[in-house]
Amino acid sequence: MRGTILMWSGDKGVVSADGQRYDFSINEWKGNTAPAANLTVDVAVTNGRPSSVTPVNEADLAKEKMAAMTGKGSEVAKAVYANVGKDVAIAYGVFLFAALFLSVVGANMLGISLKLTNLLSDNMGMMGNGKGTFLVLLATATIAVPYFWKHKFAPLAFFGPALVTVMAFYPLWEQHRQQQQQMEAMGELGQALGQMSQQMGGSPGGLGSLGFGAWIIIAASAYLGFKGVMRFLSRS
């Protein structure tokens, strides 16, 4: 059953699950890192005591949080859809699909191909993309803000996908800018190295290797931001 660690000190702690509190020790802990307060866990109880306390994967948490924010049943989903309109709903769907499944940085000679979720994760998600998935789902959940928050500023929540997109691509732009400065400082040698890099596929993660998915995400995010501004102005 799902629970939350309330306290951890030394090699003992307290976890809350199904309305009950249980003491547990490091012997019952099944994680690769040390337990911490407020950490969401799965708890198995045997004879009134935890037999195992296991941390929940970030990707699973992201899906659950998304469901909690927008999953109050089909009636709420239909109401949100009716509130934002077909065009906005489609744009959000395009953003979500492209962010989760399409490559935004094309494969080069190293075979590296990254999705938006990878760019949003620590170390570009090479060891997993739970953080990136959560951010993408959180940005997509902003579709429901105008439905639940009846305020003139609510449509500006449509900038959520754009903000996440900027978070993902800004480090690439900064890397590209620094590379250009270094090449300019090197003069003709820098230009030669730049041409050689392009012929060999470019540096992994560079702006020059943006994939088709990147432009879909940028277009969908820009459209949503535009619709948010227009709706805000219409309410002002």
Handout entry: Residue count, the stretch 17-43 (criterion: part of a loop (DSSP other than H, G, I, E, B), of a type outside the set (A, V, I, L, M, F, W, C) and in contact with a strand residue (DSSP E or B) (Cβ under 9 Å, 6 or more places away or on another chain))
Key = 8
Exercise for the section: Would you confirm whether any residue within the stretch 4-19 is closer than 30 Å to Trp149 by Cα, touching a Ser or Thr at 6+ places or on another chain (Cβ under 7 Å) and of a type outside the set (Phe, Trp, Tyr)? Expected result: yes
Handout entry: Every residue from the stretch 87-120 that is part of a loop (DSSP other than H, G, I, E, B) and modelled with pLDDT of 85 or more
Key = Leu102
Fill in the blank from the handout: Ala67: passes all of (1) buried (at least 17 other Cβ atoms within 10 Å of the Cβ); (2) closer than 29 Å to Thr165 by Cα but (1)
Exercise for the section: Answer yes if at least one residue in the stretch 193-212 is modelled with pLDDT of 65 or more, outside any helix (DSSP H, G or I), assigned by TED's automatic domain parsing to the domain that holds Tyr92 and under 21 Å from Asn118 (Cβ atoms), and no otherwise. Expected result: yes
Practice task
Select, from Asn123, Asn47, the only residue that is over 12 Å from the mean Cα position of the chain (by Cα), modelled with pLDDT under 95 and within 19 Å of Pro171 (Cβ to Cβ).
Solution key: Asn123
Fill in the blank from the handout: Flagged pairs (Cβ under 9 angstrom, 6 or more apart or on separate chains; first in the stretch 76-99, acidic (Asp, Glu); second surrounded by fewer than 19 Cβ atoms within 10 Å (Cβ to Cβ)) are Asp87/Lys227
Practice task
Could you check, for the stretch 54-66, whether at least one of its residues is outside any helix (DSSP H, G or I) and more than 22 Å from the chain's Cα centre (by Cα)?
Solution key: yes
Exercise for the section: Would you check if there is a residue in the stretch 39-57 being closer than 30 Å to Val229 by Cα and touching a residue at least 60 places away in the same chain (Cβ under 8 Å)? Expected result: no
Handout entry: the stretch 1-52, residues that are among the β-branched types (Val, Ile, Thr) and surrounded by 13 or more Cβ atoms within 10 Å (Cβ to Cβ)
Key = Thr4, Ile5, Val14, Val15, Ile26, Thr40, Val41, Val43, Val45
Practice task
Kindly check whether there is at least one residue in the stretch 15-25 that is outside the structural domain of Val229 (by TED's automatic domain parsing) and of a type in the set (A, V, I, L, M).
Solution key: yes
Practice task
May I ask you to list pairs of residues, at least six apart or on different chains, whose Cβ atoms are under 8 Å apart, with the first in the stretch 107-121 being small (Gly, Ala, Ser) and the second being at pLDDT 60 or above?
Solution key: Ala107/Ser113; Ser113/Ser103; Ser113/Val105; Ser113/Gly106; Ser113/Gly211; Ser121/Gly130; Ser121/Lys131; Ser121/Gly132
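The values are calculated or read from the model by the stated rules, or taken from the named source; none is laboratory data. Keep in mind the model is a prediction, meaning the values are calculated, not measured. Using ideal geometry, Cβ is built from the backbone for each residue, glycine included, and neighbour counts are taken over all protein chains shown.
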